[in-house]
Amino acid sequence: MAKKTLNSDEMMTAILSYLGILLLIPLLVVKKKDEFIKFHLRQGIVLLIVEVIFAIAAQFFGFLFFLGWIIWPLVSLCWLAILIVSIVAIIKAIQGEMWKIPVISNYTSMIKI
């Protein structure tokens, strides 16, 4: 797939799409006619949903004393993986690529923008 040359608005939208709750800024403000912008906003929304679900699950299991000690290393690795995926997605978006995040990109078609 060919890389897209981005203007400053598209680049900022691409970056904000993967920064958690900050994706609301381009979602509410930016014109979403461009398929490139829609692609990254959809992935950002699904990634945010995954982060929220994971945070709730981690808090729930963290309250259970004996499970909290056991799963803490796993929780830390999962947060690190989410951070790395977000950074890679931002880099790919800045480069003008429409990189599909493994597993997460399967659910982006459910998001209508």
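The values are calculated or read from the model by the stated rules, or taken from the named source; none is laboratory data. All of these numbers come straight from a predicted model, not from anything done at the bench. Glycine also receives a Cβ, built like all others from the backbone with ideal geometry; neighbour counts cover every protein chain displayed. Each accessible area value is taken on the protein alone, full model and side chains, heavy atoms only, with ligands, DNA and RNA left out. Shrake-Rupley method; radii C 1.70, N 1.55, O 1.52, S 1.80 Å.
Observations on the model:
- Adding -39500 (n - 2.57) for every DSSP H run of four residues or longer, then dividing by how many residues the chain holds, sets the calculated 222 nm ellipticity at -22500 deg cm²/dmol.
- Taking the chain and dividing mean pair separation by its residue count, relative contact order in percent (alpha carbons under 8 Å, at least six apart): 39
- Modelled label positions at ILE91 and LEU28, each set 7 Å beyond Cα in the direction of Cβ, lie 3.2 nm from each other.
- Annotation: peptides 102-110, 45-53, ranked by per-residue average of other Cβ atoms within 10 Å with the highest first, follow the order 45-53, 102-110.
- In the full protein context, the chain carries 66 Å² of accessible surface per residue, based on a 1.4 Å probe and ignoring ligands, DNA and RNA.
- On the chain, 75 percent of the accessible area sits on carbon and sulfur atoms, based on a 1.4 Å probe.
- Cβ charges +1 (Lys, Arg) and -1 (Asp, Glu), total dipole of the chain, debye: 320
- At the listed q of 0.10, 0.17, 0.18 Å⁻¹, the Debye profile of the chain, built from one uniform point per Cα, gives log10 I(q)/I(0) equal to -0.33, -0.79, -0.86.
- Kirkwood hydrodynamic radius (C-alpha pairs) into Stokes-Einstein, the stretch 25-64, 4 °C and 1.567 mPa s, D in µm²/s: 110
- Summarising the label geometry, the points placed 7 Å from Cα in the beta-carbon direction at SER8 and ILE53 lie 3.8 nm from one another.
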